[in-house]
Amino acid sequence: MTWKQRLGSAIPYILLTILTIPVFVGYLWIIISTFSGRTYGLVPVDSQGNFGGLTLENWSFLWEDPNIWFVTLNTLLLSVLLTVGVVIISALAGYALSRISFPGRKTFLAGTLILHAFPSVTLLISIYFVLRWISNLPVLGKGLPIIGGFGYNTVGGVALVMVSLSLPLGIWLMKGFFDNVSWDMERAALIDGCSRLRVWWEIMLPSIKPGIAALSIFTFITGWGAFLIPYTFITDQEKSTLAAYLNSLMGETAPVNYSRVAAVGLFQLIPVLFFFIFTQEYLLSIFSGGSKGGT
Amino acid sequence: MTTTAVPAEPVPMRVSYRDRLRRLVSPMLFMTPAGVLTVAFFFLPVIILFGISLTNLSSSTGFKNYEWVGFENYVKIVQNPLTKLNLIATIKYVSLTLVFFNIGMALVVALLSTHISRRAGFVYRALWLLPRLTPSVVYIMMWKFIGADSPYGIMNQHVLEPLGLSTANWVAARPWLFVILTNGFIGASFGMIIFTSAIESIPRDYMIAAQVDGCNAWQRIRHVILPMMRWPLLFVVTYQTLSLLTSFEQIYLLTDGAGGTEVWALWAYHRALNNYWGNFQWGFGAALAMVLVAIGIVASVVYMRFFQFNALVQEPKIEAM
């Protein structure tokens with residue numbers, strides 16, 4: 001290869017690296033910043049502005065502020081509820097839509113597809129009223145242990161809303177995964193007198209494990225980072241989620257202590273980065289399978 | 001798919017009434033949870049939203065003393081002096097983000113990452129997926145710091161000062177730039193993935209033929225790749241226009257509508273659910289949201305017609321047993 005050809009083949013790398021810089025820089029900053037007293041740009045400095053000042057003090061919120069553990073538990077609870085709900089309900093509906101012919105099937109599929117493209121955030125105002133109505137129901141509204149219920153201002157209610165809004169994507173993906181499973185075994189089982197539900201549980205679910213894994217990871221990450229819906233429908237600080245907590249930190253003190261806020265941000269980012277590093281392929285497959293574009 | 005010899009469908013004998021009913025039971029079992037939630041959080045809300053938009057329901061009227069006002073809220077939207085400003089902001093936001101990032105950047109990254117080694121291309125695409133997976137509050141915090149005041153901000157400290165240029169708090173000074181950058185870096189990944197699979201599915205022969213004919217890289221892109229990507233391009237444009245039109249979470253976190261960045265969806269949200277005065281105008285906000293819902297319904301129906309819906313919903317191969 002001549003030097004000219006070599007340069008030619010390097011150009012895409014150089015361009016891509018330049019374009020990707022803002023992504024790098026943001027994550028680099030958050031990591032540096034959490035271990036420094038303050039930073040000038042990406043350089044950690046001490047109180048005089050000289051290089052240095054590395055510290056673990058920003059992480060003191062982990063033992064000094066009990067709220068962080070409440071909101072972390074809430075966020076975890078929300079993400080788990082969301083994941084379990086979305087996976088089970090979409091796997092049920094996806095199976096029926098893929099394998100059973102019943103009246104209304106086509107309508108439901110069309111509806112799912114339309115809702116998939118439909119901008120659900122515009123419905124927040126009326127969902128607020130639906131949640132307030134659920135709140136008035138006995139027990140279910142706000143009398144349940146741990147999740148609080150399914151009404152307004154409860155973790156369960158927010159999970160319910162988020163499950164519903166995630167269903168079009170979930171059902172569509174699950175139907176796609178089921179469509180690709182050969183149905184010889186299933187047919188044999190049905191002829192032997194297995195019920196549909198048992199076929200679903202014992203034959204179909206095990207054969208779409210990778211699909212379930214991909215949808216679970218994606219849904220978990222969505223729930224873990226969710227801001228708008230928990231922030232809108234949960235008013236009590238102690239029931240709120242990590243994202244809302246972080247947002248309130250950024251708003252409260254006049255000169256924002258970025259290093260401390262960054263530590264909370266990195267704390268929230270850890271599970272996302274973990275999943276990202278080990279499961280990128282799964283995640284990319286979700287998006288090529290038909291994505292609900294956030295923006 | 002499987003084309004193995006499949007026993008012919010059993011000839012349907014006379015199906016008794018009980019059997020027919022029994023056949024409905026299992027699909028019902030499978031569909032009920034999804035059905036109930038879809039009705040409760042999609043269909044009912046659309047109807048409720050329209051209903052609320054016809055009232056003067058607000059935190060000052062309370063839930064009991066509101067009145068039906070017909071289409072007054074819609075008239076108010078037309079007369080409101082903010083309408084024009086927010087409409088312009090919305091158009092600006094959607095078109096600039098779409099052109100520069102959701103289409104432009106997506107195409108550039110897809111083209112570049114398919115012309116390098118497979119492994120490296122995958123790594124770059126994965127990196128571009130990261131902003132979408134990052135919790136929005138953390139993500140916006142990074143951008144706020146990139147643009148923060150001197151000496152803290154990254155842009156000021158590492159780019160502008162060494163060049164001797166003036167510094168500022170750039171999120172406040174150039175709100176539009178940051179609104180488009182933050183949303184763009186999230187939005188680009190959607191198109192990137194679709195375009196990448198489209199580019200990868202172009203037969204290699206075409207590329208080789210073009211190279212034999214002496215096309216340079218740009219000519220290959222212009223005359224071979226782009227013409228074959230008409231459908232994916234159209235798909236991404238329509239889908240992302242709708243998404244952008246109704247997304248406001250990042251703008252809310254970044255500028256909260258300051259500096260002329262109050263887009264339509266954020267306006268509705270502010271009026272109905274989130275404002276400093278605690279005066280929630282659910283009626284007016286619902287009318288604002290209803291405008292977007294109407295656009296959404298029309299767009300998604302048109303879009304279904306357009307992208308050959310019937311091919312996607314073929315009858316299942318296995319019959320109910």
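The values are calculated or read from the model by the stated rules, or taken from the named source; none is laboratory data. None of these values were measured; they are calculated from a predicted model. Note that we place each Cβ from the backbone using ideal geometry, even for glycine, and neighbour counts take in every protein chain shown.
Could you grab me the full set of residues in segment B:79-135 that are among the hydroxyl-bearing types (Ser, Thr, Tyr), more than 8 Å from chain A (Cβ to nearest Cβ) and in a loop (DSSP other than H, G, I, E, B)? Result: B:Thr114, B:Ser117. Might you check whether a residue that is among the polar types (S, T, N, Q), farther than 27 Å from B:Tyr239 by Cβ and surrounded by 17 or more Cβ atoms within 10 Å (Cβ to Cβ) occurs anywhere in segment B:77-99? The answer is no, given that none of the residues of segment B:77-99 is among the polar types (S, T, N, Q), farther than 27 Å from B:Tyr239 by Cβ and surrounded by 17 or more Cβ atoms within 10 Å (Cβ to Cβ). Within segment B:250-268, is there a residue that is among the hydroxyl-bearing types (Ser, Thr, Tyr), closer than 29 Å to B:Val137 by Cα, under 19 Å from the mean Cα position of the chain (by Cα) and not in a helix (DSSP H, G or I)? Yes, some residue in segment B:250-268 is among the hydroxyl-bearing types (Ser, Thr, Tyr), closer than 29 Å to B:Val137 by Cα, under 19 Å from the mean Cα position of the chain (by Cα) and not in a helix (DSSP H, G or I). For segment A:71-90, does any single residue satisfy the condition of being modelled with pLDDT of 90 or more and over 20 Å from the mean Cα position of the chain (by Cα)? No, the conditions are met nowhere in segment A:71-90. Exactly one residue out of A:Ile171, A:Ile234, A:Ile147 is facing another protein chain (nearest Cβ under 9 Å), surrounded by 17 or more Cβ atoms within 10 Å (Cβ to Cβ) and within 25 Å of B:Ala40 (Cβ to Cβ): that is A:Ile171. Exactly one residue out of A:Phe220, A:Phe276 is modelled with pLDDT of 90 or more and in contact with a helix residue (DSSP H, G or I) (Cβ under 8 Å, 6 or more places away or on another chain): that is A:Phe220. Residues in segment A:194-218 that are among the β-branched types (Val, Ile, Thr) and outside any helix (DSSP H, G or I): A:Ile208 alone. Here B:Trp68 meets each of (1) away from every other protein chain (no Cβ under 12 Å); (2) out of contact with any Ser or Thr (no Cβ under 7 Å at 6 or more places or on another chain) with one exception, condition (2). Condition check: without any contact (Cβ under 8 Å) to a residue 12 or more places away in the chain, over 20 Å from A:Leu19 (Cα atoms) and within 32 Å of the chain's Cα centre (by Cα). Does B:Pro203 satisfy that? For B:Pro203, the condition - without any contact (Cβ under 8 Å) to a residue 12 or more places away in the chain, over 20 Å from A:Leu19 (Cα atoms) and within 32 Å of the chain's Cα centre (by Cα) - is met.
Taken together, the residues in segment A:247-263 that are assigned to a helix (DSSP H, G or I) and either more than 9 Å from every other protein chain (Cβ to nearest Cβ) or at pLDDT 90 or above (or both) amount to 7.
For A:Thr39, state whether it is surrounded by 15 or more Cβ atoms within 10 Å (Cβ to Cβ), touching a residue at least 24 places away in the same chain (Cβ under 8 Å) and not in a helix (DSSP H, G or I). For A:Thr39, the condition - surrounded by 15 or more Cβ atoms within 10 Å (Cβ to Cβ), touching a residue at least 24 places away in the same chain (Cβ under 8 Å) and not in a helix (DSSP H, G or I) - is met.
Table: residues versus (1) in contact with a helix residue (DSSP H, G or I) (Cβ under 9 Å, 6 or more places away or on another chain); (2) more than 26 Å from A:Ile229 (Cβ to Cβ).
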position: B:Arg20; (1), (2): no, yes
position: B:Leu24; (1), (2): no, yes
position: B:Leu29; (1), (2): yes, yes
position: B:Pro33; (1), (2): yes, no
position: B:Leu37; (1), (2): yes, no
position: B:Val46; (1), (2): yes, no
position: B:Leu49; (1), (2): yes, no
position: B:Ile52; (1), (2): yes, no
position: B:Leu57; (1), (2): yes, no
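Can you tell me how many residues in segment B:146-176 are farther than 21 Å from B:Phe100 by Cα and free of Cβ contacts under 8 Å to residues at least 60 places away in the same chain? Here the count works out to 21. When each of A:Leu56, A:Leu62, A:Leu19 is tested for being surrounded by 12 or more Cβ atoms within 10 Å (Cβ to Cβ) and farther than 30 Å from B:Leu181 by Cα, the lone residue that passes is A:Leu62.
Close contacts from segment B:264-282, counting a first residue that is on the phi > 0 side of the Ramachandran plot and surrounded by fewer than 17 Cβ atoms within 10 Å (Cβ to Cβ) and a second that is polar (S, T, N, Q) and not in a helix (DSSP H, G or I), with Cβ to Cβ under 8 Å and a gap of 6+ residues or different chains, come to B:Gly278/B:Ser59. The residues of segment A:62-91 that are among the β-branched types (Val, Ile, Thr) and touching a helix residue (DSSP H, G or I) at 6+ places or on another chain (Cβ under 7 Å), listed by number, are A:Ile68, A:Val71, A:Thr72, A:Thr75, A:Thr83, A:Val86, A:Val87, A:Ile89.
Taking only pairs six or more apart or across chains, which ones have beta-carbon atoms under 6 Å, a first residue in segment A:82-96 that is closer than 21 Å to A:Thr107 by Cα, and a second residue that is assigned to a helix (DSSP H, G or I) and among the charged types (D, E, K, R)? Sorted first by the residue in segment A:82-96, then by its partner, the pairs are A:Gly94/A:Lys175. The one condition from (1) away from chain B (no Cβ under 12 Å); (2) closer than 14 Å to B:Pro151 by Cα; (3) in contact with a Phe, Trp or Tyr (Cβ under 9 Å, 6 or more places away or on another chain) that A:Asn67 does not meet is (2).
Can you name the residue in segment B:30-51 that is facing chain A (nearest Cβ under 7 Å), within 20 Å of A:Gly85 (Cα to Cα) and among the hydrophobic types (A, V, I, L, M, F, W, C) and is also surrounded by the fewest Cβ atoms within 10 Å (Cβ to Cβ) among such residues? The qualifying residue surrounded by the fewest Cβ atoms within 10 Å (Cβ to Cβ) is B:Ala40.
Out of B:Ile186, B:Ile194, one residue alone is within 30 Å of A:Ala244 (Cβ to Cβ) and β-branched (Val, Ile, Thr). It is B:Ile186. Evaluate the following for A:Trp183: is it within 20 Å of B:Ala34 (Cα to Cα) and either without any contact (Cβ under 8 Å) to a residue 24 or more places away in the chain or within 10 Å of chain B (Cβ to nearest Cβ) (or both)? Against the criterion (within 20 Å of B:Ala34 (Cα to Cα) and either without any contact (Cβ under 8 Å) to a residue 24 or more places away in the chain or within 10 Å of chain B (Cβ to nearest Cβ) (or both)), A:Trp183 does not qualify. Looking only at residues of segment B:108-119 that are out of contact with any helix residue (DSSP H, G or I) (no Cβ under 6 Å at 6 or more places or on another chain) and at pLDDT 90 or above, we find that the one that is surrounded by the fewest Cβ atoms within 10 Å (Cβ to Cβ) is B:Val108.
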